[in-house]
1. Determine the relative contact order of segment 105-179: mean sequence separation of Cα pairs under 8 Å and six or more apart, normalised by residue count, in whole percent.
2. So, R0 is 30 Å and r is the distance between the beta-carbons of Gln34 and Asp180; what FRET efficiency does that work out to, to 0.05?
3. Checking the cross-link filter: which lysines have an alpha carbon closer than 28 Å to that of Lys90, excluding same-chain neighbours under 8 positions apart?
4. Order 131-144, 188-201 from most to least packed using the mean count of other Cβ atoms within 10 Å.
5. Using the per-residue mean of other Cβ atoms lying within 10 Å as a proxy for protection, in what order, highest first, do the peptides 69-81, 145-157 fall?
6. Taking the 0 to 90 degree range and rounding to the nearest ten, how far is the long axis of helix 186-198 tilted relative to the main principal axis of the chain, both from C-alpha atoms?
7. When you count, for each residue, the other Cβ atoms within 10 Å and take the mean per peptide, how do 36-45, 53-62 rank with the highest first?
8. Provide the FRET efficiency to the nearest 0.05 for the Val106-Ala58 pair, computing r from the beta carbons and using R0 = 22 Å.
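Read-outs: derived from the displayed coordinates by stated rules, not from any lab. In this text, all values refer to a predicted model and were calculated from it rather than measured experimentally. Glycine also receives a Cβ, built like all others from the backbone with ideal geometry; neighbour counts cover every protein chain displayed.
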Amino acid sequence: MALILSIETSTTNCSVSLSNEGEILVLKEDYNTQYSHAELLHLFIDDVLKNSGTKGNALDAIAISKGPGSYTGLRIGVSAAKGLCFALDKPLIAVSTLKSLAQQVVTEKGYIVSMLDARRLEVYSAVFDENYNAVRSIQAEVLDKNSFSEFLDKEQVTFIGNGVEKTKSIIKHSNAKFIDGKLPSANEMAALAFNKYKISDMEDVAYFEPYYLKDFVGLKS
């Protein structure tokens, strides 16, 4: 038995799940276009535990979506996860946001590109094969008509994430397939977190930081 609480706050989806050995028991999320993490995250955590009849000290680990993604969203999620780990004396597991997002695609062949929107024409993206093995490292890149051509010229490429909307207006390749309206979720984190739990792939709670990929740059309103 491995009860893991997973927290996903890298985009506008405030998402919390409780799983047992990778199987979802309870999932609660606010799948909208506005950031609500500061108001809802701790309420969702409480609801997930109460709805499953689980006490915090019964958890075996806390999993956090580590990024890349929204700077503020990641900070809120990591702070909450660390607080729970310290308070309950539980280990912390970090799950790649883009790998978790890729799990929402099921394909028999070809590539999966999970992508999150960054400023202007930029996205954070990673490329996986049909078995979710990484075939290209995570990058921050500015899109143009030739983006991902080395993959598109070989096989079908399925794009998923909130970077899809601007990508499909730029990339017109016949092998490009776009899945709209999908965001990272604590639902797909469960199995990935359990795999890490089984091999004791844990983080140092005191020193863990989100994977921002790029330095945060504040903008004037």
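1. Contact order relative to length: 33 percent.
2. E(calc), rounded to 0.05, equals 0.95.
3. Leaving aside lysines fewer than 8 places away in the same chain, those within reach of Lys90 are Lys28, Lys50, Lys55, Lys66, Lys82, Lys99, Lys196, Lys198.
4. Going from most to least packed, we get 188-201, 131-144.
5. The peptides rank, most packed first, as 69-81, 145-157.
6. 70 degrees
7. Numbers: 36-45: 17.7, 53-62: 15.1.
Ranking, from highest mean packing down: 36-45, 53-62.
8. 0.10
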